[in-house]
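Here is the structure we will look at.
The values are calculated or read from the model by the stated rules, or taken from the named source; none is laboratory data. Since the model is a prediction, treat every value here as computed from it, not as a measurement. With ideal geometry, Cβ positions are generated from the backbone for all residues, glycine too; neighbour counts draw on all protein chains shown.
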Amino acid sequence: NAVEREKYAIFAEVDWAATDRLTFTGGLRIDHEKNDTLANGVIAVAPATLASLPDPAGIADPDIASDVAFVNGGIVGNFTVPFTEDIANESETIVLPRAGVRYEWSDTISTAFMASQGYRSGGVSIRNLGADIVPFDPETMWNNEVSLRSTRLDNRLVVYLIAFYIDSKDL
């Protein structure tokens with residue numbers, strides 16, 4: 001089985017200083033993705049069916065045993081077929097927003113909040129046992145982060161403390 005993905009993205013982000021200490025951030029990411037999924041495999045006689053075929057070794061007459069072996073081989077040969085199937089061709093474009101705010105408490109300490117949306121496209125999964133083709137939906141998430149930034153030693157040391165919360169849907 002093979003999945004071929006092509007993904008392109010363009011993004012932009014802008015900071016706007018509302019005051020000397022307050023800055024707003026806004027951004028967009030535009031993703032375009034194309035997924036092609038091929039299923040490769042073999043359609044075969046079920047093992048239970050093979051077990052129920054007559055065993056030529058148990059037949060005393062060599063001519064009949066040979067005929068049974070020939071018929072068994074024909075059944076297995078005619079019902080064991082390799083295949084390749086193009087099962088999914090999907091293309092999609094999505095716009096993902098990003099927004100935040102940062103406040104400079106002093107020349108050395110600031111806090112910020114940032115929220116951005118994430119995305120992973122849907123597709124299909126192929127279960128080898130039973131050869132089931134199972135579609136799955138896209139996944140979306142919101143990534144939220146709160147940060148504290150502090151500079152020390154004449155800006156030679158920068159310390160960040162960041163907390164994340166990710167809210168996923170259809171994971």
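Quick look at the values:
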read-out: Subset tally (residues that are touching a residue at least 60 places away in the same chain (Cβ under 8 Å) and in a loop (DSSP other than H, G, I, E, B)) for the range 14-39; value: 2
read-out: Answer residue from the range 121-169, given it is under 30 Å from Tyr8 (Cβ atoms), aliphatic (A, V, I, L, M) and modelled with pLDDT under 85 and is surrounded by the fewest Cβ atoms within 10 Å (Cβ to Cβ) among those; value: Val134
read-out: Residue list for the range 56-95, filter: modelled with pLDDT of 85 or more, surrounded by fewer than 12 Cβ atoms within 10 Å (Cβ to Cβ) and under 30 Å from Arg5 (Cβ atoms); value: Thr93, Val95
